[in-house]
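Each remark here refers to the structure printed beneath this line.
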Amino acid sequence: MRIRWARDPETLDPLFAPNLAAFDANNLLHVSLLQGDIATQQLAPALAEQLPTVQLVGDSLTRLQYRIRPAATWDNGRAVLASDVDFTLKLMLCPGLPNEAARNQYSFIRAVLPHPQDPRRFTLLCRGQSLEFAQASGDFFILPEHSLDPRGLLRRWSLADLQRQPLPLPADSGARAVAQQYLAAVASRSSNRLSGCGPYELLKWEKDRFLSFRRKPRWWGSRLQPAPLVLQARPQQLEYVIIPDVATAALALQRGDVDVFPQMPAREFARLRAAPAARSALRFYTSPSYDVATAGFNTRHPALADALTRRALSRCFDAAGLLRATQLGEGQRTVGIISPADRANYNDSLAPVPFAPDSAVALLRRAGWQRRSAPHEGWFRSTGRGADQQLRLLVRYRAEEVLFGTVALQFQAAAASIGVPVTLRPTEPGTFATAMRSGDFDVYLRVLRGNPFMFNFTQLLHSASANNVTKFGTPASDRLIAAIARADNPARRTALLRQFQALLQAEAPIVPLFYLPNRVAANRALTGLHVGSLRPGFAAATIERVAQPAP
Amino acid sequence: MALRIAWHLLRTGLAAWALVSVVFLLIHRDLGAVQLGSPDASEQRGSGVPLSAAAQAATEQAIDQRLGLDEPLFYVSPPAEARASWRWNGLRNQYHRWATQLLRGNLGQSYRTGRAVGAELADALAFTLPLTGLAVALSVGGALLLALGLAGRPWWQRPVRAGLVGLQALPLFGVGLLLLLAFANPEALDWFPGYGLGQTTDQPPGTWGYLAAYLWHLVLPTAALVLSALPELTLQLHASLVQELGSHYAVTARAKGLAEPAVIRRHALRNALLPSLAQLAELLPALVAGAVVVEVVFALPGMGRLLAGAAVARDAPVLVGGVLLVGAARMLALLATDVLNFWADPRIRWQS
């Protein structure tokens, strides 16, 4: 079974996956307490026996009770225990490891309380209360304490001790030894030194060429009857081949050198689907995804600080036309950053922002802008003191993203038609990240990746968050975001989410353009290929090859 | 002569060091901030607490400390404000640490993979050298043969020259894709493999079968590289051969009764080679720098993709190591050209 990847995973560090390929590979090697089920689009118990039971303590603590499946073992036959969960969480706080992102992400878990009798049962004590804790507390890979910290050096601290230490952490000899052992195990790229309890082991990894995984002969998950979808592992061997160029990869698919081509670009997908030879050899799948193409405004910029101006400019994006041009009609328009596929939470009483440059002119006038003619052509607004503001925009997007090249050109043309000069700045990825953080842009274009489980917009749009690149935030929006994160039942959260979508459309700090489709092309001889909206868009471990009938 | 070469080598070494130092200092500004944000950082997830600016700064500091970026960059720091003065940082600085490690042969560890940079470069070179070496050898050999043939003014001179000029106008990715779509396409000619270097399980390494499969996979990429390098080399050599054949010594040689091929090979070629030697010096750094376009189109591993990836991800140790290698190759190529010119042209020897 060969699957195309566009890039090398670079590292298989289970605590830090720098790209999607690394995340996919880790999913084969390791198991987390809960995993996304591509068929139901819900988190399903994987290493855990069941979804955790939630108990609210007072008004600021949550207790989540888990039990690990009794069948779950490491490769050497030892049982997976609560102490492994505790060790993994401590490893996320261990100095000297690339665990900064994980540290921030799981900082809400304050303690792992073991059960006095049952070593598989434990309680996670979480700071705060949120519907999402049940899911968020289970989506990290569990690592073996006995092989990474055989002497139990991290047991000296409690989780809270490690969390209390200010960053950067002082290096302690015990923690350093564990960190070094872990780093060496990751760098060795050997399944023997960093063995997970997942169904596959890494057989061979040739950088920038391929990774092959072999199914473990005695994997604990195969003893489960019936095996849940998240714990199925059918192919004996999985090979991921790294082909960066789309044309080359499509050719390899047609030749039968590659069996699955996930996340295929629109044009290649349409071309192959129209070709008779390819149609007879391949199957084509599409599903909605949770990735939304968005534009965002730098609200720190005085000209973009008011909602009217932002709303005017958001009418210069022809989302419907762009959807036709770039996705060839697939994908869905949206009113906000909740997917239209999520029927309950999507606010269907709002209408998508129309493409209407004419009405944008009226909105600009209402925002206090006046159009001047030559020699100083353009839109100006008096600030009351000093020189007048001029409305001119710098649009940044990643240079390699063809989609945003088209979006930017369309926006530039529409803005030019109403007299707003727009400069396009396709930017190299590293510089783009720096520019986003330093606020060196007026408008950005990028894909926002989501999932169906979590609706926490704190990092993205709360005014106190350093990751809020638009720097948007009003007391009302902050309150709403906090209320969504703290909502104690789904109905309440749905009401708040609908309200939030209306608020975002009125304030327009970001303009959601459309949800991108997920496209997968695969060999016809495969069965059991589940294509769905969860990343990476299909489940690799359930695929089987149909035996070819003898001629 | 030895003294002269030693002097050249010293100058070459100093120039390579200066080059790599500048690259080191440039890339290390504002590095930690980039490391935090992976390319897919635009995730809608996270815990309920906003990551405050202070927490963000602490996280960045932790990353800097982990990567050794918390020390000052250089021996001196520029003034932070207009009225402040330059500050002396002493020996505890990133540049000093890097330079002392480099003198011990340690290029550091890749930020992305955690592996030693030396090992990363060696792995990539093991793939790049056969590809680029083969391509350079074939291009030089082919250009020499073709130019010698063209100098005899056969009937095919005009169409071949026109073809070469046309080929030179094509970009390398165009040549690569054309070859791929023409010779590795089930809908056209399905003669060659479409990507990579063959799979894991096909052949055990070290056997003839493995070598054959390896070379088979290299045919199209090498052809793309040769086709892109050949026109320039051939047209240049041809032009200078034509010029030399019109000079007085060639007329004299013909008057002695020598046949035209002998005039070309024994008299004109050596003089005509001088400008081509400089062109060769251009090709040598590409030998170790890899060919990123061909590597991407044909999904081959190598230096080109390693360095391009390192630049995008700001993997400074790999990038600096790669620049050092390519820079040293360029300097050595220039030195080799000097020595070859010295050997080929007596006039240069007499002048010095």
ask   = Counting only residues that are open to solvent by 30 Å² or more (accessible area, probe 1.4 Å) and within 14 Å of chain B (Cβ to nearest Cβ), which one in the range A:483-492 is nearest to residue A:300 (Cα to Cα)?
value = A:486
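Okay, residues lined up against (1) at negative phi; (2) more than 14 Å from every other protein chain (Cβ to nearest Cβ):
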| site | (1), (2) |
| --- | --- |
| B:294 | yes, no |
| B:302 | no, no |
| B:329 | yes, yes |
| B:337 | yes, yes |
| B:344 | yes, yes |
| B:347 | yes, yes |
inquiry  = residue A:31 - would you say it is of a type in the set (A, V, I, L, M) and open to solvent by 20 Å² or more (accessible area, probe 1.4 Å)?
reply    = no
query = Tally time: how many residues in the range A:47-71 are in contact with an Asp or Glu (Cβ under 9 Å, 6 or more places away or on another chain), hydrophobic (A, V, I, L, M, F, W, C) and within 22 Å of residue A:197 (Cα to Cα)?
reply = 1
request  = Please indicate, with yes or no, whether at least one residue in the range A:181-201 is within 14 Å of another protein chain (Cβ to nearest Cβ), in a loop (DSSP other than H, G, I, E, B), closer than 30 Å to residue A:232 by Cβ and within 23 Å of the chain's Cα centre (by Cα).
outcome  = no
inquiry  = Of all residues being out of contact with any Leu (no Cβ under 6 Å at 6 or more places or on another chain) and part of a strand (DSSP E or B) in the range A:288-302, which is nearest to the other protein chains (Cβ to nearest Cβ)? Just the residue, please.
reply    = A:290
Filtered residue count, the range A:435-451, keeping only those that are at pLDDT below 90 and closer than 21 Å to residue A:345 by Cβ = 3
ask   = Listed residues B:241, B:215; which is part of a helix (DSSP H, G or I) and surrounded by 14 or more Cβ atoms within 10 Å (Cβ to Cβ)?
value = B:241
inquiry  = Tell me whether the range A:163-171 contains one or more residues that are in contact (Cβ under 8 Å) with a residue 24 or more places away in the chain and more than 14 Å from chain B (Cβ to nearest Cβ).
reply    = no
key: Members of the range A:504-544 found to be out of contact with any Ser or Thr (no Cβ under 6 Å at 6 or more places or on another chain), open to solvent by 40 Å² or more (accessible area, probe 1.4 Å) and either assigned by TED's automatic domain parsing to the domain that holds residue A:265 or within 13 Å of residue A:3 (Cα to Cα) (or both), listed by number   = A:524, A:527, A:535
task = Would you mind listing the helices (runs of 4 or more DSSP H) fully within the range B:103-192 where at least 1 residues are within 14 Å of chain A (Cβ to nearest Cβ)?
result = B:117-151, B:172-183
ask   = When the residues of the range A:452-470 are filtered to those that are open to solvent by 10 Å² or more (accessible area, probe 1.4 Å), in contact with a strand residue (DSSP E or B) (Cβ under 8 Å, 6 or more places away or on another chain) and more than 7 Å from every other protein chain (Cβ to nearest Cβ), which remaining residue is farthest from residue A:346 (Cα to Cα)?
value = A:469
note = Of B:288, B:263, the only residue that is part of a helix (DSSP H, G or I), out of contact with any Asp or Glu (no Cβ under 7 Å at 6 or more places or on another chain) and under 22 Å from residue B:219 (Cα atoms) is B:288
note = For strands (runs of 3 or more DSSP E) lying entirely in the range A:51-144, having 3 or more residues that are open to solvent by less than 30 Å² (accessible area, probe 1.4 Å) and more than 21 Å from residue A:26 (Cα to Cα) picks out A:61-67, A:109-114, A:121-127
remark   = residue A:479: passes all of (1) open to solvent by 40 Å² or more (accessible area, probe 1.4 Å); (2) more than 11 Å from every other protein chain (Cβ to nearest Cβ); (3) within 30 Å of residue A:428 (Cα to Cα) but (3)
query = What are the residue pairs meeting all of these: first residue in the range A:209-224, first residue free of Cβ contacts under 8 Å to residues at least 40 places away in the same chain, second residue open to solvent by 60 Å² or more (accessible area, probe 1.4 Å) and in a loop (DSSP other than H, G, I, E, B), Cβ atoms under 9 Å, and 6 or more apart or on different chains?
reply = A:212/B:201; A:214/A:236; A:215/A:234; A:215/A:236; A:218/A:75; A:219/A:75
request  = Determine whether the range B:293-301 contains at least one residue that is of a type outside the set (Phe, Trp, Tyr) and under 29 Å from residue B:339 (Cβ atoms).
outcome  = no
request  = Would you be able to tell me the number of residues in the range B:207-260 that are among the charged types (D, E, K, R) and closer than 26 Å to residue B:286 by Cα?
outcome  = 1
query = Given the structure, is residue A:121 without any contact (Cβ under 8 Å) to a residue 60 or more places away in the chain and more than 29 Å from residue B:55 (Cβ to Cβ)?
reply = yes
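The values are calculated or read from the model by the stated rules, or taken from the named source; none is laboratory data. The structure displayed is predicted, hence computed values, not measured ones. Every residue, glycine among them, receives a Cβ derived from its backbone with ideal geometry; neighbour counts consider all protein chains shown. With ligands, DNA and RNA removed, areas are computed over all heavy atoms of the protein, side chains included. Shrake-Rupley method; radii C 1.70, N 1.55, O 1.52, S 1.80 Å.
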